[in-house]
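Below is one structure, written out as structure tokens; the observations come after it.
Laboratory data are not the source of any read-out in this text; all were calculated from the coordinates shown. What you see is a predicted model, and the numbers here were worked out from it, not measured in a lab. Heads up, the Cβs are rebuilt from the backbone with ideal geometry, glycines too, and the neighbour counts pull from every protein chain shown.
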Amino acid sequence: MLLLSRCLRTPAKNLRRFVPQRPFHDQADHKNVRIVRILEKRIEERKRLFSELSEEMSSPDDISRLKQLKESEPLQVAWDDLVRTRQLLNETDSLLSDSDEAMRALAVEEHDSLGKSLAELVETTIPSLLIPPSTTSHLSAMLELKSGVGGSEASLFLSNLLRMYLRLSNVRRWKANVVSQNDSDGGGIKDAIVEVKGEGVFEALRWESGVHRVQRVPATEASGRVHTSTVAIIVLPLMEETDNHNEELFNMEDVKIEVMRSRGAGGQHVNKTESAVRLTHIPTGITVSMQDERSQHQNKRRAFTVLRSRLMDQKLTREIAERRATRQNLVRTADRSEKIRTYNYAQERVTDHRIGLTLKNLSSVLEGDGLQDFLDALQKDHDETVLEDMLSGD
Amino acid sequence: MHSKLIAALVQQLGPAQARQEFRWMLKHSEHSLPDMVRRRCLGEPLQYILGSQPFGPLNLLIRPPVLIPRPETEDWVLKLADRISTPLKPPKYLLDLGTGSGCIPLLLCHLLPPGTLHAHGVDISPHAIQLATDNAALYGIPPHSPENTASNTFKTSLGNLLAPSFCDDAKLQPPYDIVTSNPPYISWNEYLELPRSVANYEDPKALFGGPTGLDFYHAIARLVRRDGFLRPGAIVALEIGHEQGQDVEHIMRVEGQLHDTEVWSDPWGKQRTVLAYR
Ligand SMILES: C[S@@+](CC[C@H](N)C(=O)[O-])C[C@H]1O[C@@H](n2cnc3c(N)ncnc32)[C@H](O)[C@@H]1O
């Protein structure tokens, strides 16, 4: 521990030792130092909590202290790991200049592997422990796709995107279900709603929210001119009927339920299936129409799921905005009107404008595999922002 | 091939409905698609072609000529389930008159806590009795027996509600806590105006309620006023035609001697259910 804290207090050159195998930018070095410093603070907090425990564990505060100690145990494990690795690294240091060549070779190898472990600890393990657990990590997702500019070409592109997400779900073993779909006369899809169920799907897909743009020659275009059309996607946290924080989302009295078409005399006089329903949440003005199921009851349930998901989404957005107002916060909320990605058929490439990533394999993206690369990159980008946020707030 | 089939359906149903129904047909790939479309274009109800109809959370088997459960019925039965679910101890006994597919008692059995409802469905049509029995089996709702107190139960019997000997024929066992019925309520005049898919395919016996459409309400009133037929606090819930609210309320008060009545509207704003309380 002594060794380590000495290191921590000596910036610049000594710090290079933390991750000796990789040339580091000063900025990255600096970041690692800050990460370790935060961890150290947490460990000191643990020590304090420990010392505050009453001898016979009789005070009611002890319970909460014990709880906190239990919760931060992984931090202690990581810290101990860090100290031990650092110590071993120091010991190997002296062997690097050993007179025996075999010994030196061994030491180099050992040093190398210890360096890697240390880098892994500081760059991955510890940050992931320090970042506060997300409250949405268990949620499934609901994707709303709407065709934008470009008429029937946009609708055709929407069906391409829909297929892309269904394929990805298949690969990831998520359960995807198209709950609503309006076909357009030109063969495409005007709008669609898809439920994608699985652990962590919302967090995996949430950066898909925004405007997706396609540049290609439409099949129907004789002149061979490239058109640009768009599809807007909104990814919502899926709020199922059984989720327990549903109550607080809305009051039943605030929801107006309407059936869509008139049925004349109704009852025994009519056996045509007319099951469409529309919900209006009066305080927010959100309306949801659902007609894809054969029973009104099922359409109503589906519509309520969409309503809850939209309300939950508003709540999350509000919370992020509030946090941003109280302290500096770099974490963005998805801007739905932002053009986030371009699919260029002529050049066989897909570009995500937020992270400046281009994949030169359009078909692999549309088949779902390439899309995963975008998701990973966006997730990484997000994690870094959250970490940056935490560091700057400390 | 699909576009041709859809075009045929659009002719019959208009574009929006055609697209919707075509998608539902696609999900029933056990039947031949062209065959389903051809039958639909001749006017056969979609529910008979697909062989099922969702009713609340249930998906019931449907076979001609038994009446297809309607969304209006689904709506009031769900409301009724809410209404009777609270004070439900000890178990209640329910009689459903003209049970058809069994939709009303089976949905209630499905929604209410196990062991709180014992239902008896009666119908004049052997087709209906067979279908209701099949639907009960589909959802694992057993017939009533002394050993079976832990589940909700459902049994059926044949009987003619309009016959004087109905109680004995149908082996009724009053007193009942709940009487439900969606009896035939279409009058002579209205019968002539019915859409083809109703008049040509659904059992006329399931629809036709006598010259005024009110025959069955009179018969039900005579039944429930009998001594010991209803338990105190019993509920009688009857589906009605869109203009029969006043008449049926009157029949229940005067002939049925149930003085406390109310009328529920359906989601389309039409009067649809008369409730009467003992
Ligand atoms: C309108 S349907 C209702 C079916 C089912 N309860 C529903 O809501 O879908 C009326 C039912 O009453 C039955 N029914 C007609 N006349 C009857 C009679 N005289 N006695 C008993 N049942 C009769 C018909 O066979 C039919 O199943």
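Annotations for the structure displayed:
- Annotation note: GluC sites (Glu not before Pro) in segment B:1-110 located in DSSP loop regions with a Cβ neighbour count of at most 14 within 10 Å are B:Glu30.
- Angle in degrees between helix A:151-172 and the longest Cα principal axis of chain A, rounded to the nearest 10: 50
- The angle separating the long axis of helix A:369-393 from the principal Cα axis of greatest extent in chain A is about 60 degrees.
- Neighbour counting of Cβ atoms within 10 Å sorts the residues A:Arg46, A:Arg318, fewest neighbours leading, into A:Arg318, A:Arg46.
- Mean Cβ neighbour count within 10 Å, used as a protection proxy, ranking A:100-106, B:264-270, B:187-193 highest first: B:264-270, B:187-193, A:100-106
- 10 Å Cβ neighbours from other chains, averaged over peptide B:57-70: 2
- Cα centroid separation - segment B:198-240 against segment A:217-287, whole Å: 38
- If you plug the beta carbon distance of A:Ile131 and A:Ile63 into 1/(1 + (r/R0)^6) with R0 = 25 Å, you get a FRET efficiency near 0.45.
- ³J(HN,Hα), Karplus 6.51/-1.76/1.60, whole Hz, each residue of segment B:121-137, x for Gly, Pro: x, 10, 8, 8, 9, x, 4, 5, 4, 5, 5, 4, 5, 4, 5, 4, 5
- Projected-area mean, chain A, by convex hull of Cα positions, square nanometres: 29.6
- Positive-pole candidate from A:Pro218, A:Gln296, B:Gly43, dipole of the protein assembly as shown, charges at beta carbon: A:Pro218
- Taking 0.36 nm per residue of separation and subtracting the current Cα-Cα distance, fully stretching the chain between A:Ile320 and A:Leu88 would add 79.2 nm.
- Rounded to 10°, Cα long-axis angle of helix A:26-52 versus longest principal axis of chain A: 80
- Close Lys pairs in segment B:71-277 (alpha-carbon distance under 25 Å; sequence gap of 8 or more, or different chains): 12.
- Counted over the protein assembly as shown, the DSSP beta bridges are approximately 70% antiparallel.
- Within a straight-line Cα-Cα reach of under 19 Å, A:Lys175 can be paired with the following lysines, leaving aside sequence neighbours fewer than 8 residues apart in one chain: A:Lys197, B:Lys27.
- Here's the picture: a label point sits 7 Å out from the Cα of A:Glu258 along the beta-carbon direction, and within segment B:36-78 the residues with their amide nitrogen under 20 Å of it are B:72.
- Set of lysines near A:Lys339 by C-alpha distance (under 16 Å), chain-local residues within fewer than 8 positions excluded: A:Lys146
- GNM top mover of B:Gly256, B:Gly233, B:Gly102 - chain B, alpha-carbon springs below 10 Å: B:Gly233
- Evaluated with a Cβ-only charge set (Lys, Arg +1; Asp, Glu -1), segment B:71-277 carries a dipole of roughly 540 debye about its Cα centre, given to the nearest 20.
- Burial order of peptide ranges A:62-73, A:372-383 (average beta-carbon count within 10 Å, highest first): A:372-383, A:62-73
- On the beta carbon distance between B:Ala199 and B:Glu255, with R0 = 30 Å, the FRET formula returns roughly 0.50.
- In sequence order, segment A:53-63 has phi-based couplings of 4, 6, 4, 9, 6, 9, 7, x, 5, 4, 4 Hz under the Karplus curve 6.51 cos²θ - 1.76 cosθ + 1.60, θ = phi - 60°, and Gly or Pro positions carry x.
- Residue with peak Gaussian network fluctuation, chain B [Cα springs, cutoff 10 Å], from B:Ser101, B:Ser165, B:Ser181: B:Ser165
- For B:Ile62, nonlocal amide neighbours, meaning residues 5 or more places apart or on other chains whose placed amide H falls under 5 Å from its own, are B:Ser52, B:Gln53.
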